[in-house]
Amino acid sequence: MPDIRLIEYGSCDYHDMVALRDKILRRPLGLTFSEEYLQQEMQDILVGCFDGNRITGCCILTPVDANTIQLRQMAVDDDQQGKGTGSKVLRFAEQQARNGALQN
């Protein structure tokens, strides 16, 4: 059973999340993350799906304004695609947004 939870910026889980996003979203396009880009995620809500200690999916929730939250950087590892991991991450992220996780 996958464990979906919030990730703390800068943690080991966060670094695993960046690696997954790099593998799935960046490398295929020949892109990389800059430190400046990643620092912008400090105020975001970071969501990860884990199978044991391995991250299998993730996304980021970024506040746009008082009423809008943008879902970004959604990634699911290759071997988990088509197995419902993305749907589970999305449902968790939607619940976080509804619960006001960004209204600190």
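Points worth noting:
- Under-5 Å amide H pairs with residue 81, H placed in peptide plane, nonlocal only: none
- Dividing the summed helix terms, -39500 (n - 2.57) for each DSSP H run of n ≥ 4, by the number of residues in the chain produces a 222 nm estimate of -8000 deg cm²/dmol to the nearest 500.
- Look at (i) 23, 20, 15; (ii) 23, 14, 12; (iii) 20, 18, 12: the one that is semi-axes √(5λ) of the Cα gyration tensor in Å derived from this structure is (iii).
Bear in mind these aren't lab numbers, they're just calculated from the coordinates by the rules spelled out. Model, not experiment: these values are computed from the prediction.
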